[in-house]
Amino acid sequence: MKKTLAFVLAAMMLLCSTLACAQEMPFEGSYIGFEDYGFQICLPNDWNVLDVSDVSDESGIFFAAQSPDSTWAVAIQYTDLGETYTIDQVAQEFQDAYGNASVTEINGISFVSFRLEDDNQMAVACLGGQQTGMYVFFFTPADDAEFTPIAQAIAGSISAYEAE
């Protein structure tokens, strides 16, 4: 419980950062734009973008990347919710499921942060698609203290897509 609380507090501080913090990233990175989805995210330059397998694609995962040694990873999933939700409803669903959800704001976008303890993942989720879809950004492993500031910086970089 202390680890979860510490993560949530640290995440809230870092995740609420603005794009101006890009110079303060704990890695040299570049933004990857997802124009069709309307957002961008900064990843370390030395990370490998993975081919999304059929299994991942069926689960809604449309993007995945990992560190060169395959120790750390990020994946992005989209789920069509089939009806309109509010971020508070999403937070309640994750709270009921995982017991550790909280609402935070990242670059003007409302997110729910939570941990999937059984899968050793931390995640942030936001609504999209006229509030009928949900994007979830998964960061693995959640229990790696060296990875936590990197995951938080990546999550803190999620912002509205800006064409170059």
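The values are calculated or read from the model by the stated rules, or taken from the named source; none is laboratory data. What you are looking at is a predicted structure, and each value in this text was computed from that prediction instead of being measured. Cβ sites come from the backbone with ideal geometry, for glycine too, and all protein chains shown count toward neighbours. Calculation scope for accessible area: heavy atoms of the full protein, side chains included, ligands and nucleic acids excluded. Shrake-Rupley method; radii C 1.70, N 1.55, O 1.52, S 1.80 Å.
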**OP:** State the number of residues belonging to the range 40-78 that are over 14 Å from the mean Cα position of the chain (by Cα), open to solvent by 40 Å² or more (accessible area, probe 1.4 Å) and among the hydroxyl-bearing types (Ser, Thr, Tyr).
**Re:** 4
Original post:
How about the range 85-116: which of its residues are farther than 21 Å from residue 156 by Cα and acidic (Asp, Glu)?
Top reply: 93, 96
Original post:
Name the residues in the range 129-149 that are surrounded by 17 or more Cβ atoms within 10 Å (Cβ to Cβ) and either in a strand (DSSP E or B) or among the hydrophobic types (A, V, I, L, M, F, W, C) (or both), would you?
Top reply: 133, 134, 135, 136, 137, 138, 139, 140, 142, 147
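Which of the residues belonging to the range 79-92 are open to solvent by 40 Å² or more (accessible area, probe 1.4 Å) and among the β-branched types (Val, Ile, Thr)?
Those that are open to solvent by 40 Å² or more (accessible area, probe 1.4 Å) and among the β-branched types (Val, Ile, Thr): 79, 84, 86.
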Original post:
For the range 38-92, how many residues meet the condition of being among the aromatic types (Phe, Trp, Tyr) and farther than 15 Å from residue 140 by Cβ?
Top reply: 4
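Each row is one residue, and each column tells you yes or no for (1) assigned to a strand (DSSP E or B); (2) of a type in the set (Asp, Glu).
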residue	(1), (2)
51	no, yes
62	yes, no
68	no, no
112	yes, no
115	yes, no
122	yes, no
126	yes, no
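Mind listing whichever residues of the range 34-49 are in a strand (DSSP E or B) and within 15 Å of residue 77 (Cα to Cα)?
Once the filter is applied, which keeps residues that are in a strand (DSSP E or B) and within 15 Å of residue 77 (Cα to Cα), the range 34-49 yields 34, 39, 40, 41, 49.
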